[in-house]
Amino acid sequence: MNKKIGILTAGGDSPGLNAAIRAVGKRLAAANCQLIGFRDGFEGIAFDRSVVLTGEMLSGILTIGGTILHTSRHKPNKMPLNGKLVDMSEAIIENYRKNRLSCLVCIGGGGTHKSALLLKKAGLNIVTIPKTIDNDLAMTDSSIGFDTALDVATGSIDSLHSTASSHKRIMLVEIMGHRTGWLALGSGIAGGADVILIPEFPYDLNKVAETLLQRSSEGKLFSIVPVAEGALSVSQAAEIAALEAQKAECEDKKKRVEYKQQIDKLTELRHDRIFEVAADLEKLTGLETRVTVLGHLQRGGKPSTVDRLRATVLGRACAEAILDDRFGVMVALRGLDTELVPLEKVAGKRREVTQDHPWVDCARSLGISFGD
Ligand code: F6P
């Protein structure tokens, strides 16, 4: 055996994780290396819960959603143990050495990349693979899971059209995406939405109502409005910005913590907010309004063809990086190819929708409103 490599999946699951694990394993096996999987994200390596990923275990998983290794959101330095959050970084380093690993592959999103950088700085050989349905990881064209989630969200918007039309209603549909609007924007355009609300462009509900009433006056009797779970109104966004500014200027440590708590409370993802938006819109327009929350359906099921392809290409490139001793990097998608990006350029950065993004330009030119 040439090398022994560990692999884990962390953060929220997404379709395509198994395809990536399989590709890493198959390529490494061809180079006579062994792959062992750690269970439940970083918990697995912290508490040394591993499984040898034999050819048999990797067989038949390409098309299966979720992750055969299971996952968790627990961070190396904040791991729950006996009712407390404990720093398990030392235990992770010890288990990495005890298992005689040449590298640890971490497949995950924003949180996972912060943890991966921490472990890189602690001296471990790390290679990461980008995964998130939110599509918000920096320095990669896209991430595993986004395409499947887009399909689910678009299919749901498609289905809402007939019932919206029958009842002449406004249909609000809450779409995941954490603090970004990629999923709502992409599925909104693909699903023929009329208004799309995303966190990057704070909305004015009066403008949204105006657009909906305008449609009504043109004889368009229903409207579809995807709302990203992190979408904020202009006044909410202004309140947050004011607190951020006060926090930045404040020299009192205690007061800064208070500002942070207030900001966290205001930016917390609240799934009841969309019902408030619906009630307000109903009042402003007099049009009957309904809410659909897609929730975890967007992360479930089989990976799409594109996600299987991306996961396989990324997994293979990850194995090549390991065989070439290229560590401390994320394997990014670049066009149809891949590229290695230092973890420092990814961790702690968020890729957001910008006003000049081609999708935004396209949406606006087709008359889709962002309520801004
Ligand atoms: O990051 C993926 C994601 O699905 C987000 O879109 C969403 O905000 C979050 O995870 C939900 O997390 P959980 O599954 O832990 O409730």
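So, in nm, how far is label LEU336 from label ALA30 when the simple model puts each one 7 Å beyond its Cα toward the Cβ?
1.8
Could you go through the range 3-18 in sequence order and give the Karplus-derived ³J(HN,Hα) for each residue, using 6.51 cos²θ - 1.76 cosθ + 1.60 with θ = phi - 60°, rounded to whole Hz, and x for Gly and Pro?
Couplings: 9, 10, 10, x, 9, 8, 10, 10, x, x, 5, 7, x, x, 4, 5 Hz.
Could you let me know the centre-to-centre spacing of the range 206-273 and the range 80-157, using Cα atoms, in angstrom?
Using only Cα atoms, the two centres lie 29 Å from each other.
Output wanted: per-residue J couplings in Hz (rounded whole) for the range 193-208, from phi through Karplus 6.51 cos²θ - 1.76 cosθ + 1.60, θ = phi - 60°, x for Gly and Pro.
3J(HN,Hα) across the range 193-208, in whole Hz: 6, 9, 9, 10, 10, 10, x, 5, 10, x, 9, 10, 4, 5, 5, 4.
Only four residue types carry charge here, +1 at the Cβ of Lys and Arg and -1 at the Cβ of Asp and Glu. Report the dipole size of the chain about the Cα centre in Debye, rounded to the nearest 20.
Magnitude of the dipole: close to 1360 debye.
What FRET efficiency do you get for ASN206 and MET57 if R0 is 41 Å and r is their Cβ-Cβ distance, rounded to the nearest 0.05? Walk me through the numbers on the way to the answer.
On the way: r = 56 Å, r/R0 = 1.38.
Once rounded, the FRET efficiency stands at 0.15.
Counting only other residues whose beta carbon sits under 10 Å from that of ILE274, what net charge do I get with K and R as +1, D and E as -1?
Around ILE274, the charge tally is -2.
Could you check the simple spin-label distance between LEU85 and SER162, using points 7 Å along Cα→Cβ, in nm with one decimal?
4.7
Using 1/(1 + (r/R0)^6) with R0 = 56 angstrom and r between the beta carbons of ILE93 and HIS271, what's the FRET efficiency to the nearest 0.05?
Details: r = 38 Å, r/R0 = 0.68.
The computed FRET efficiency comes out at 0.90.
Would you tally the net charge around VAL173, using a Cβ to Cβ cut-off of less than 13 Å, leaving VAL173 out, and scoring K and R as +1, D and E as -1?
Numbers: positive: ARG169, ARG290; negative: ASP158, GLU174, ASP194, GLU229.
Combined, the nearby Lys, Arg, Asp and Glu give -2.
Which of the aspartates and glutamates could a cross-linker bridge to LYS302, judged by Cα under 18 Å and excluding same-chain residues fewer than eight apart?
Within the straight-line cut-off, LYS302 pairs with ASP13, ASP134, ASP147, ASP151.
Taking R0 as 45 Å, what's the FRET efficiency between LYS283 and LYS253 from their Cβ-Cβ distance, rounded to 0.05?
Calculated transfer efficiency: 0.55.
If you average 1/r over every pair of different alpha-carbon atoms in the range 61-157 and take one over that average, what Kirkwood value in Å do you get? Please report the intermediate quantities before stating the final value.
Numbers: mean 1/r = 0.0655 Å⁻¹.
When all Cα pairs of the range 61-157 are included, the Kirkwood radius is 15.3 Å.
Taking only protein heavy atoms into account and a 1.4 Å probe, give the accessible area per residue of the range 20-169 in Å².
42
Which peptide among 317-330, 212-225, 48-61, 133-146 comes first, and what is the full order, when sorted by highest mean count of other Cβ atoms within 10 Å?
Values: 317-330: 19.9, 212-225: 16.9, 48-61: 14.4, 133-146: 24.8.
Order by mean packing, descending: 133-146, 317-330, 212-225, 48-61.
For the chain, take the longest principal axis of its alpha carbons; what is the angle in degrees between that and the long axis of helix 110-121, to the nearest 10 within 0 to 90?
Taking the Cα atoms of the chain, the angle to 110-121 is about 30 degrees.
With every protein chain present, what is the per residue accessible area of the range 287-363 (1.4 Å probe, Å²)?
52
Roughly how many percent of the accessible protein surface of the range 199-243 is carbon and sulfur, given a 1.4 Å probe and a whole-percent answer?
Working: 1060 of 1910 Å².
Here it works out to 56 percent.
Tell me the net charge near ALA190. Cut-off is 13 Å between Cβ atoms, ALA190 excluded, with +1 for each Lys or Arg and -1 for each Asp or Glu.
Numbers: positive: none; negative: ASP147, ASP151, ASP158.
Counting the neighbours of ALA190, the net charge comes to -3.
For a test of the definition: using alpha carbon positions, the gyration tensor, and the 1.5 limit on a/c, classify the chain as rounded, prolate or oblate.
Here the chain falls in the prolate category.
Report relative contact order for the chain in percent, whole number only (criteria: Cα-Cα under 8 Å, sequence separation at least 6).
Here the relative contact order equals 23 percent.
Lysine pairs in the range 32-184 with alpha-carbon atoms under 30 Å apart, 8 or more places apart or on different chains: how many are there?
Lysine pairs satisfying the spacing and distance rule in the range 32-184 number 23.
Taking amide H positions as placed in the peptide plane 1.01 Å from N, state which residues far from SER369 in sequence (5 or more) or on other chains have amide H under 5 Å from it.
Here the answer is VAL195, ILE196, since their amide H atoms fall under 5 Å of that of SER369.
The values are calculated or read from the model by the stated rules, or taken from the named source; none is laboratory data. Bear in mind the structure is a predicted one, so any value in this text is a computation, not a measurement. Every residue, glycine among them, receives a Cβ derived from its backbone with ideal geometry; neighbour counts consider all protein chains shown. Accessible surface is based on the protein model in full, side chains and every heavy atom, while ligands, DNA and RNA are left aside. Shrake-Rupley method; radii C 1.70, N 1.55, O 1.52, S 1.80 Å.
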